[in-house]
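Shown next, in structure tokens, is the structure this report addresses.
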Amino acid sequence: MNDSKPAADAYQKIRLDALISYGAEYQLELYLRLSSEKFIKVSQKGDNFESILEKYKNRGVTEVYLTLADYDYFTTSVRKAIATRLTTETAEPVKPPEVSLLAGAHDVLKSLLLRENTEEDTLAVAQALTLGTLKTIRLSNILGKFADFKKKCSREFTYALMTSQVACLMIDQFNWANDAVKEKVALAAMLCDVELLPEDFDLLKDSGLAKEKLTKKVAYHPINTAQLLAKESKFFSQETLTIVEQHHEMPSGGGFPKGINYQRITQLTAVYIVAHYFVDQMFDKTYREDAHADRCRIVVEQIKNQFVSGVFRKASEALVTVFDQGKMA
Ligand SMILES: [Fe+2]
């Protein structure tokens, strides 16, 4: 309990929920961060790991640290268990998988992809997570429960869920809608920002999406992530790769990284960009649950007036239809 040592590089952060969902059987040394360079060990191998995890959860701790060796070991050896558990839960006919299971799987998947691990077991996690997410979207209206999801998931996963739901509702307005297309979009939503860390999301938000204010890493994350995923082109469809590569482009050509305009963007990608933009405008720091309906109306109106060219007009019209159907309350 009193072992503290420097060197932030020796530890890797992991969400406590991911360990509770999938790591209770493991024997890992757990650390808490006291300051930028100080970590304290709070469990040894051989301790009752499950009860220690519960103890820190009850104390409101959301993130803990593992040694790099334990982190690598855990995230690679847990993949099969994650895929099996999510697949079993998703097969349940009436209820979706526990959201903490999805969020934990996303956390592990992100860490694997950050290390450019696209092995078969990693892709099995991606597949199970996508199907579990689609089931969650189908069975529950998550848009109205943003605060709830944000408590249970990382910011990135919460936004991915919200964007998937809006995009799938929009896709239903087109005559080419089907489950395979929705899978491709949900997979893109889960993965398009895997290379970004919390400070990168802050930078994106503060920059107002102006390319000159972004770091190289943030400005090029769409291309870099698409290139990483393209190495597994049997698993990732061209539609998923295109969405990842173009998810920050805008109709006018004012987006990034390539600054292409609406004429070079596909209909499906335009749907994703509009859904992503909606979620971004809707759920910023000033979001309040009691003002959800009014805010939703204002953001939809803004999008209707702004996304007017070619494929974007059809996408914004689909969003307006979904809103008019009362599906975004
Ligand atoms: Fe992004």
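Looking only at residues of the range 205-215 that are closer than 12 Å to residue 255 by Cβ and in contact (Cβ under 8 Å) with a residue 12 or more places away in the chain, we find that the one that is farthest from the ligand (Cβ to nearest atom) is 211.
Restricting to the range 7-44, name every residue that is farther than 16 Å from residue 81 by Cβ and not in a strand (DSSP E or B).
Of the range 7-44, the ones farther than 16 Å from residue 81 by Cβ are 7-13, 15-16, 29-44.
If the condition is that a residue be farther than 16 Å from residue 81 by Cβ and not in a strand (DSSP E or B), then 7, 8, 9, 10, 16, 29, 34, 35, 36, 37, 38, 44 are the ones that fit.
Yes/no per residue for (1) touching a helix residue (DSSP H, G or I) at 6+ places or on another chain (Cβ under 6 Å); (2) assigned to a helix (DSSP H, G or I); (3) not assigned by TED's automatic domain parsing to the domain that holds residue 192:
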{"position": "94", "(1), (2), (3)": "no, no, no"}
{"position": "100", "(1), (2), (3)": "yes, yes, no"}
{"position": "103", "(1), (2), (3)": "yes, yes, no"}
{"position": "122", "(1), (2), (3)": "yes, yes, no"}
{"position": "127", "(1), (2), (3)": "no, yes, no"}
{"position": "149", "(1), (2), (3)": "yes, yes, no"}
{"position": "156", "(1), (2), (3)": "no, yes, no"}
{"position": "163", "(1), (2), (3)": "yes, yes, no"}
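Only helices (runs of 4 or more DSSP H) whose full extent lies in the range 226-329 are considered here, and the ones with at least 1 residues that are surrounded by 14 or more Cβ atoms within 10 Å (Cβ to Cβ) and in contact with a Gly (Cβ under 9 Å, 6 or more places away or on another chain) are 238-246, 267-282, 292-306. Residue-level check: of (1) of a type outside the set (S, T, N, Q); (2) in contact (Cβ under 8 Å) with a residue 60 or more places away in the chain; (3) closer than 28 Å to residue 321 by Cα, residue 195 misses just (3). Taken over the range 222-277, the residue count meeting the criterion of being farther than 18 Å from residue 113 by Cβ, among the charged types (D, E, K, R) and within 16 Å of the ligand (Cβ to nearest atom) is 2.
Hey, does the range 282-303 have a residue that's within 16 Å of the ligand (Cβ to nearest atom) and at pLDDT below 95?
Keep residues of the range 282-303 that are within 16 Å of the ligand (Cβ to nearest atom), which gives 283-284.
Next, only the ones that are at pLDDT below 95 stay: 283-284.
Looking through the range 282-303, at least one residue is within 16 Å of the ligand (Cβ to nearest atom) and at pLDDT below 95.
Got at least one residue in the range 16-34 being in contact with a Pro (Cβ under 7 Å, 6 or more places away or on another chain), in contact (Cβ under 8 Å) with a residue 40 or more places away in the chain and polar (S, T, N, Q)?
Within the range 16-34, not a single residue is in contact with a Pro (Cβ under 7 Å, 6 or more places away or on another chain), in contact (Cβ under 8 Å) with a residue 40 or more places away in the chain and polar (S, T, N, Q).
The values are calculated or read from the model by the stated rules, or taken from the named source; none is laboratory data. As the structure is a prediction and not an experimental result, all values here were calculated from the model. Here Cβ is always computed from backbone atoms with ideal geometry, including for glycine, and neighbour counts include all displayed protein chains.
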